[in-house]
1. Quick one: would you say E142 is among the charged types (D, E, K, R) and either within 21 Å of N253 (Cα to Cα) or in a helix (DSSP H, G or I) (or both)?
2. Take the stretch 155-197 and flag every residue that is more than 30 Å from N246 (Cα to Cα), touching a residue at least 40 places away in the same chain (Cβ under 8 Å) and surrounded by fewer than 16 Cβ atoms within 10 Å (Cβ to Cβ).
3. Please count how many residues of the stretch 42-77 are β-branched (V, I, T), crowded, with 19+ Cβ neighbours inside 10 Å and without any contact (Cβ under 8 Å) to a residue 40 or more places away in the chain.
4. Testing A137 on (1) under 20 Å from Y240 (Cα atoms); (2) part of a helix (DSSP H, G or I); (3) at pLDDT 95 or above, one condition comes back false. Which one is that?
5. Out of L82, L102, which single residue is touching a residue at least 40 places away in the same chain (Cβ under 8 Å), surrounded by fewer than 17 Cβ atoms within 10 Å (Cβ to Cβ), aliphatic (A, V, I, L, M) and in contact with an Asp or Glu (Cβ under 6 Å, 6 or more places away or on another chain)?
6. Six or more apart or on different chains, Cβ atoms under 8 Å: show the pairs whose first residue is in the stretch 25-41 and under 18 Å from K9 (Cα atoms) and whose second is surrounded by 11 or more Cβ atoms within 10 Å (Cβ to Cβ) and acidic (D, E).
Amino acid sequence: MKFTGLLTKLIAENCNPVQYYLNFTDEIIFLNPLIGKEIHITFSHYQCLGCGEDKEIFAMGYCKNCYFTSPHTGEWIIRPELSKAHLGITDRDFSFEEQAQLQPHIVYLANSGGLKVGVTRKTQIPTRWIDQGAEYAIKLAETDNRYEAGLIEVALKKHISDKTNYRKMLREAVPYVNLEEKKRELCQFIPQDLLKYITEDSTILHINYPVNVYPLKIKSVNLKKTTAFGGKLIGIKGQYLLFDNNLVFNVRNHEGFVIDLNI
């Protein structure tokens, strides 16, 4: 059976285990039943998420021109502390930035191949944690806007990573870390004027992923270099498809790629 569609990030539902879907233009493909089956992916062409044209994807699903002009790819997205909407300052599109930045944000701790700190909109919990392959996560602070959350993250990055080690995350179930204890330890590094945002909610969310077995080695697939690949799907974690031949495929990193999926 063959499906053709534009890759965007996997849809994920926080069930036990997480339920994953490919969101193609004309249909949604439920991926969990494909675990244990052979699937093959072939790159067809590009389709920029901005202009829609067949231009080489530069980053985040956008061609080079759109990447440097679209409000969806502003630097404040990766670095929340650069947000300026609270000051009434426009980066690329104030109406979009105002809506995205001036809403409650969560600073969190996640165990995803190691302990990390991160920032996301409150409405993206727990989706953000699932996308990063976190097995355990806890809220640390809830702020009124993205800028404040970014300031807290910057302070904590001096003491804890803000990156996910995807190789560790995909090799095996992560070692247990007491996130409630780590939250208490890290709060001492938050600037005094931001301490009011620390949340009393110390609920730890455990996320279970549909992985039959973790690969022994990790070989990441890049469709710009390897235009066709396949194997038996053995699991899905974060935004990665895991195969029995040690190949791993980051779906989100290939947004803007149109593929043929053969099952």
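1. Details: among the charged types (D, E, K, R): yes; either within 21 Å of N253 (Cα to Cα) or in a helix (DSSP H, G or I) (or both): no.
It is false that E142 is among the charged types (D, E, K, R) and either within 21 Å of N253 (Cα to Cα) or in a helix (DSSP H, G or I) (or both).
2. Pass one, the stretch 155-197, residues more than 30 Å from N246 (Cα to Cα): 155-159, 178-197.
From the residues that got through so far, the ones that are touching a residue at least 40 places away in the same chain (Cβ under 8 Å) too are 156-157, 179-180, 182-183, 186-187, 190-191, 194, 197.
K157, E180, C187, P191, listed by residue number.
3. Of the residues in that region, 1 qualify.
4. (2)
5. Going through L82, L102 in turn, just one is touching a residue at least 40 places away in the same chain (Cβ under 8 Å), surrounded by fewer than 17 Cβ atoms within 10 Å (Cβ to Cβ), aliphatic (A, V, I, L, M) and in contact with an Asp or Glu (Cβ under 6 Å, 6 or more places away or on another chain): L82.
6. The qualifying pairs are I41/D260.
For every residue, the table says whether it meets (1) assigned to a loop (DSSP other than H, G, I, E, B); (2) surrounded by 15 or more Cβ atoms within 10 Å (Cβ to Cβ).
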| site | (1), (2) |
| --- | --- |
| P215 | yes, yes |
| K224 | yes, no |
| F229 | no, yes |
| I234 | no, yes |
| L241 | no, yes |
| N245 | yes, no |
| V248 | no, yes |
| V258 | no, yes |
| L261 | no, yes |
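The values are calculated or read from the model by the stated rules, or taken from the named source; none is laboratory data. Quick caveat, the model's predicted, so the values are computed rather than measured. Glycine gets a Cβ as well: all are built from the backbone with ideal geometry, and neighbour counts include every protein chain shown.
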